[in-house]
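Reviewing the structure listed below.
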Amino acid sequence: MISIMKYLITGANGQLGQELHELLERSGIDFVAYDAKTLDITNRQLVFEAVQAQRPDVILDAAAYTKVDLAEDQGKDLNWAVNRDGTKNLAQAAKNFQAKLVYISTDYVFDGTKTGDYLETDQTAAKNEYGKAKLAGEEAVLASGAAAYIIRTSWVFGQYGKNFVYTMLKLAQAHPQLSVVNDQIGRPTWTKTLAEFILYLVDHDAAYGIYNLSNDHTASWFDFAKEILKDKQVDIRPVSSDQFPQKAYRPRHSVLSLAKSKATGFVIPTWQEALKMSGMIDKL
């Protein structure tokens, strides 16, 4: 089904932004794409001018500050400017010009202390600056009154940009042995699955609100690394997070429930299937 709607993408040079660009182009859908250089979303006037000029039916907000550790100190102001203020600007513009909005959030809005899967309705408790700013972005979207989808995702990987898959492949080329944390549990997410879900929600007029989306099955970072490198000559050893201290707090258990997203009829492949379909392992 080819949409007759017009889309506007922000964060066009990011992992998800490039995936969305390719998907829309391949689908023959009309769209315009902005990166940080062509549209500073922290500038409210510029955002309103761009939306007014383009008159999109849907705004896909894939712009984000994602340097989680830097967000704790030297990147803190930019983190809040992009993830909260920029989101607020886009949400208000969407409301003002009657566009639908899709905002990408994160599993880091939770503290990772729940033993079961996190539902969309669970109480949030972000513990690092990145998670707090993304949560503030969610609140700005809801407060705007825009017709919006908020999609929480986790452990994103894809063919574009830097991510865990490419990092592991490159490390394996240079080191015969790798240590990977085994006590953080979540769900990896392929950017193509995420991009397809975004368009699916819009095309099927799904109910507005918050959705969780990752690939199916859970993993630790160690499990993820083992699958990535299963055909490589490298020894992978599990270690605890305490052996890899980081500035920003990481949730130990941030498994997002996929029940609501599955109920829309969208078919979600497992992360193992997604990793294989991505073809990323064969690139290095």
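Observations, loosely collected:
- Remark: spin-label model distance K76-Q54 equals 3.2 nm, labels positioned 7 Å along the Cα→Cβ axis.
- Using a probe of 1.4 angstrom and keeping all protein chains present, the accessible surface of the range 168-284 works out to 47 square angstrom per residue.
- Accessible surface, 1.4 Å probe, highest first, among residues Y108, Y249, Y211: Y249, Y108, Y211
- Fully extending the segment from T121 to N96 would add 6.3 nm, taking 0.36 nm per residue of separation and subtracting the current Cα-Cα distance.
- Estimated distance in nm for a label pair at K6 and A143, the labels positioned 7 Å out from Cα along Cα-to-Cβ: 3.0 nm
- Entries in K100/K260; K37/K162; K76/K260; K134/K170; K127/K170; K134/K232 that, when Cα-Cα distance is taken, lie over 26 Å: K76/K260; K134/K170; K127/K170; K134/K232
- Taking the average, over residues, of other Cβ atoms within 10 Å as the packing measure, peptides 5-18, 213-226, 162-175 rank 5-18, 213-226, 162-175 from highest down.
- Alpha-carbon centroids, the range 243-284 and the range 140-159: separation in whole Å: 16 Å
- Compared with the alpha-carbon gap, the fully stretched path from Y200 to E25 is longer by 61.4 nm at 0.36 nm per residue.
- Virtual spin-label span in nm between D69 and D231, 7 Å along Cα→Cβ: 3.1 nm
- Portion, in percent, of the accessible area of the range 20-114 that falls on carbon or sulfur, probe 1.4 Å: 45 percent
- Partner lysines whose Cα lies under 20 Å from the Cα of K262, excluding those fewer than 8 positions away in the same chain, are identified as K192.
- Charge dipole magnitude, Cβ of K and R +1, D and E -1 - the range 1-149, Cα centre, debye nearest 20: 420 debye
- Net charge of the neighbourhood of K114, taken over other residues with C-beta under 12 Å away and scored Lys/Arg +1, Asp/Glu -1, is -3.
- For the peptides 22-28, 38-44, the ranking by mean Cβ contacts within 10 Å, running from highest to lowest, is 38-44, 22-28.
- Accessible-area composition of the range 216-267, carbon plus sulfur, in percent [1.4 Å probe]: 49 percent
- When DSSP beta bridges are restricted to pairs lying wholly in the chain, around 5% turn out antiparallel.
- Computed [θ] at 222 nm, deg cm²/dmol, the chain (DSSP H ≥ 4; -39,500 (n - 2.57); rounded to nearest 500): -10000 deg cm²/dmol
- Once the Cβ-Cβ distance of T270 and L46 is raised to the sixth power relative to R0 = 30 Å, the FRET efficiency obtained is 0.15.
- Only Lys, Arg (+1) and Asp, Glu (-1) charged, at Cβ; the range 3-61 dipole about Cα centre in debye: 140 debye
- On full extension, the segment bounded by A207 and K162 gains 12.9 nm, given 0.36 nm per residue less the C-alpha separation.
- Matching label, Cα extents along the principal axes in Å computed from the structure shown, candidates [x] 61, 40, 33; [y] 54, 39, 37; [z] 58, 48, 35: [y]
- Dipole of the range 141-258, positive end: most advanced residue of F164, W190, S144 [Cβ charges, Cα centre]: F164
The values are calculated or read from the model by the stated rules, or taken from the named source; none is laboratory data. The structure presented is a predicted model; accordingly, all values stated were derived computationally and were not measured. With ideal geometry, Cβ positions are generated from the backbone for all residues, glycine too; neighbour counts draw on all protein chains shown. Side chains included, ligands, DNA and RNA excluded: accessible areas come from the protein's heavy atoms. Shrake-Rupley method; radii C 1.70, N 1.55, O 1.52, S 1.80 Å.
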